[in-house]
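Read the structure below first, then the notes.
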There are 4 protein chains.
Amino acid sequence: MDETGKPTQHTARIEAFCDGVFAIAATLLVLEVRVPGHDAVTAAGGLWRALGQHWSSYAAYALSFVVIGIMWANHHIFGYIGRANHTFVMLNLALLCCVAFLPFPTAVLAQYLPSPEQRTAAAVLYGGTLTVTAVAYNAVWRYAAGGGRLLKRDADRRSVDAVTRE
Amino acid sequence: MDETGKPTQHTARIEAFCDGVFAIAATLLVLEVRVPGHDAVTAAGGLWRALGQHWSSYAAYALSFVVIGIMWANHHIFGYIGRANHTFVMLNLALLCCVAFLPFPTAVLAQYLPSPEQRTAAAVLYGGTLTVTAVAYNAVWRYAAGGGRLLKRDADRRSVDAVTRE
Amino acid sequence: MDETGKPTQHTARIEAFCDGVFAIAATLLVLEVRVPGHDAVTAAGGLWRALGQHWSSYAAYALSFVVIGIMWANHHIFGYIGRANHTFVMLNLALLCCVAFLPFPTAVLAQYLPSPEQRTAAAVLYGGTLTVTAVAYNAVWRYAAGGGRLLKRDADRRSVDAVTRE
Amino acid sequence: MDETGKPTQHTARIEAFCDGVFAIAATLLVLEVRVPGHDAVTAAGGLWRALGQHWSSYAAYALSFVVIGIMWANHHIFGYIGRANHTFVMLNLALLCCVAFLPFPTAVLAQYLPSPEQRTAAAVLYGGTLTVTAVAYNAVWRYAAGGGRLLKRDADRRSVDAVTRE
C-alpha cells in the first residue's frame with residue numbers, strides 16, 4: 001500500500017509472471033518433438049534411424065531452448081526497474097505474447113528444415129518471430145529507462161546506458 | 001501462525017497460485033496453433049500460403065493471450081485484500097476454472113471462424129465463456145469487498161468503490 | 001544455513017514446488033477437451049450439437065479441476081509443518097506423482113463415460129486414482145504430524161489432531 | 001543493487017526458475033500417456049485390457065517422475081551457493097535443457113519397451129539422456145564449488161566436499 005491506500009504495482013510480481021511464462025514456454029518446446037510411430041520405424045529400418053530422421057526436431061528444440069533461456073537471463077536488467085505503470089505492463093504483455101508464441105515457429109522449423117523447397121520460408125518465419133520479440137524487448141526497456149522513467153533511484157546511469165546501447 | 005496456533009490463510013500463496021494458472025493458461029494457448037502438414041502445404045502451393053490459411057489460429061491466440069493478460073493485470077486489485085476464508089478460496093477456484101478453460105473456446109474459434117455456417121456458434125461459445133469468467137471475477141471481488149469483509153484495514157475506501165463500479 | 005553450515009531444508013521451497021505441480025496439473029486438464037473436427041460437425045448437424053456430444057469432457061474437466069483445487073486448498077495444513085527430512089520429501093513426491101497423473105484418468109473418464117459397456121471401468125479407474133492420492137495425502141500428513149515429528153513448535157495440538165481425524 | 005549500482009544476480013530467482021522447469025517437465029510427462037481409442041478397446045476386448053496393454057506408459061511415467069523429483073530434491077545443494085555469474089547461468093541452462101527434454105525419451109521408452117527389437121535402442125536413448133543430464137548437473141556443481149568460487153562464505157567446507165564426492 002502506498003500513502004494513498006492504493007496497492008503499489010509490485011514489479012516483483014510482474015517479474016515472477018514473466019519468469020513463469022519464460023519457463024513454461026521453454027519446457028513446452030519438448031511437446032513438439034514427436035515420437036516416431038511403429039510404421040515409420042519399420043520403414044526406416046530400426047528405431048535409431050527413425051530417430052535420426054528427426055534431427056531437425058532436436059536441433060530446433062535446443063536452439064529455441066537456448067534462445068528463450070538467454071532472453072530470460074538478460075531479463076535481469078529488470079533489476080534496475082523499480083516501478084511499473086499501465087503502459088509498462090501492456091508492453092510487457094506484448095513481449096510475453098511473442099515469447100509464448102515461439103514454440104510454433106520452432107515446430108514449423110523442425111518440420112520443414114529438411115524440405116529443400118520450404119526450408120527458406122520456415123527459417124524466415126522463425127527469424128521474423130525472433131526479430132519481433134527483440135523489438136518488443138527493446139520497447140519495454142526503452143520505455144522503462146527513457147528519462148529514467150521507471151528506474152530505481154540508485155540505479156547506476158552508466159550501466160543503464162550500456163544496456164540501452166547493447 | 002496466528003495467536004490460536006492455526007496457520008493463517010496467506011493471501012500471498014493464493015495470489016501466487018492464481019498467477020501460476022493465468023501464466024500457464026496463456027502459454028498453453030500456443031499448443032492449439034497447429035503446424036500445417038506436408039499434404040496441406042503441397043495442396044496450398046507452398047508453406048506461406050498454408051500458414052496463411054491458418055490466420056484465424058494466430059488471431060485467436062493473440063486475442064486470448066491479451067484477454068488473459070489483461071485479466072491478470074487487473075488482478076492487482078487483490079492487493080487490497082488482506083485475508084481469505086473458505087468461501088473466498090472456493091469462488092477463486094471457480095474463477096480459475098473458467099480462466100484455465102479458455103484455451104478450449106479459443107481453439108474452437110480458431111477452427112470455425114473461417115467457416116460461414118459455424119462462425120456464429122464459435123463466437124457465441126467464446127463470448128459466453130468470457131462472460132461467465134467476468135461474472136466469476138466480479139463475484140470474487142464483491143464477496144471480498146462487500147462491507148469491507150476481507151479488505152486490508154488501510155485500504156482506501158474510495159479506490160475500492162471505484163474498482164467495484166468498473 | 002543452520003549452525004552447522006548446512007543449508008536447512010526450506011519447507012517454503014517444497015510448498016512452492018507442490019503448488020506449482022497442482023497449478024500445472026489443473027491447467028493441463030483443458031488439453032484433454034478436444035475440438036470436434038469438421039467431419040464430426042457435419043455428421044452431428046452443426047457445431048452446437050457436436051459440442052454437446054462432448055458433454056462428458058466438460059463434466060470431467062470441471063470435476064477434476066475442483067478436485068485438484070480442493071486438494072490444493074486443504075494443502076494449507078502444511079502451514080503447521082516447520083521442518084522437512086528425506087522421508088517427508090519422498091512421501092511428498094509420491095503424492096505429487098498421483099496428483100500429476102490425474103489428467104489421464106480424467107481423459108479416460110471423459111471418453112468412456114458415454115459408453116455403457118466401458119463406463120464402469122472408467123469410473124473405477126478414476127475413483128481408484130483418487131483413493132491412492134488420498135492415501136498418499138494421509139501418509140504425508142501422518143508422517144509429519146505423528147508425535148509432532150516435523151511440526152512447528154507453536155502449532156496448536158488440538159487443531160492438528162482435528163486435521164488428522166478428518 | 002550492489003555498491004556499484006548494478007543489480008546483483010539473485011540466486012533465489014535462478015533457483016525459482018529451475019524449480020519451475022523441474023515442476024513443469026514432471027507434470028508434462030502425463031501428456032505422453034495416451035488414452036486408448038474406441039477401436040483399440042474393442043480389439044482388446046474391454047477397457048481394462050486396453051489400458052493394461054499400455055503398462056509401459058505408466059511405468060515410464062512413474063520412473064521419470066521419480067527421477068525428476070529426486071533431481072529436484074538433490075538440487076537443495078544450491079543452498080550452499082551464494083552468487084552467480086554468466087558461466088554459472090549458462091551451465092544451468094544446459095542442465096535445464098536436458099531436464100526439460102526428458103519427456104521425449106520417456107515417451108520413446110513407453111512406446112518401444114514392449115517391442116523386442118526396439119527395446120534396447122529405447123533404453124539406451126533413455127539412459128543416455130540421463131547420463132548427459134548427470135554430467136551437466138556435475139558441471140554446474142563443480143563450477144560453483146571449485147575453489148569455493150560461488151559458495152556462501154559460511155558454507156561448511158566438509159559438507160561441500162561430501163556433496164562433490166557423491
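Every number in this text was worked out from the coordinates using simple rules, so none of it is lab data. What you see is a predicted model; the values in this text were computed from it and never measured. Cβ atoms come from the backbone with ideal geometry, glycine included; neighbour counts cover every protein chain shown.
The table below lists the values:
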{"read-out": "For B:Gly52, inter-copy label distances in nm, listed shortest first [label point 7 Å out on the Cα-Cβ vector]", "value": "3.9, 3.9, 5.5"}
{"read-out": "About the Cα centre, charge dipole magnitude for the stretch B:78-166 (Lys/Arg +1, Asp/Glu -1 at Cβ), debye", "value": "380 debye"}
{"read-out": "Distances in nm from A:Ile70 to the matching label points in the other copies, shortest first (labels 7 Å along Cα to Cβ)", "value": "3.5, 3.5, 4.9"}
{"read-out": "Residue-wise HN-Hα coupling along the stretch D:134-141, computed from phi with Karplus coefficients 6.51, -1.76, 1.60 (Hz; x: Gly, Pro)", "value": "5, 5, 4, 4, 5, 4, 4, 5"}
{"read-out": "Peptide C:122-132, shielding by other chains (average Cβ, 10 Å cutoff)", "value": "1"}
{"read-out": "Position B:Gly37, label points 7 Å along Cα→Cβ, spacing to each other copy in nm (shortest first, one decimal)", "value": "0.8, 0.8, 1.1"}
{"read-out": "Between the stretch D:101-159 and the stretch A:104-143, the alpha-carbon center distance in angstrom", "value": "30 Å"}
{"read-out": "Rg over Rh [alpha-carbon atoms, Kirkwood Rh] for the stretch D:66-165", "value": "1.09"}
{"read-out": "Between 0 and 90°, nearest 10: helix D:103-112 axis offset from chain D longest Cα axis", "value": "30 degrees"}
{"read-out": "Label point 7 Å beyond Cα of B:Ala139 along Cβ direction - residues of the stretch B:85-108 with amide nitrogen under 15 Å", "value": "B:86-101"}
{"read-out": "Karplus-derived 3J(HN,Hα), 6.51/-1.76/1.60, for each residue of the stretch D:65-76, Hz, glycine and proline x", "value": "4, 5, 4, 5, x, 5, 4, 4, 5, 5, 4, 5"}
{"read-out": "Farthest toward positive dipole pole in the protein assembly as shown [+1 Lys/Arg, -1 Asp/Glu at C-beta], among D:Gln118, B:Gly79, A:Ile24", "value": "B:Gly79"}
{"read-out": "Choice from D:Thr87, D:Thr11, D:Thr106 showing the highest fluctuation, given a GNM over chain D with Cα pairs closer than 10 Å", "value": "D:Thr87"}
{"read-out": "Chain B: most fluctuating residue of B:Ser56, B:Ser64, B:Ser115 per GNM, C-alpha cutoff 10 Å", "value": "B:Ser115"}
{"read-out": "Built amide H within the under 5 Å cut-off of C:Ile81, gap 5+", "value": "C:Lys152"}
{"read-out": "Rounded, prolate or oblate (a/c below 1.5 giving rounded, otherwise prolate when a/b exceeds b/c) for the protein assembly as shown by Cα gyration tensor", "value": "rounded"}
{"read-out": "Average beta carbon contacts from partner chains per residue of D:66-74, 10 Å cutoff", "value": "4"}
{"read-out": "Peptides C:71-80, D:45-54 ordered by average Cβ neighbours within 10 Å, highest first", "value": "C:71-80, D:45-54"}
{"read-out": "Helical mean residue ellipticity (222 nm; -39500 (n - 2.57) per DSSP H run of 4+; nearest 500) of chain B", "value": "-22000 deg cm²/dmol"}
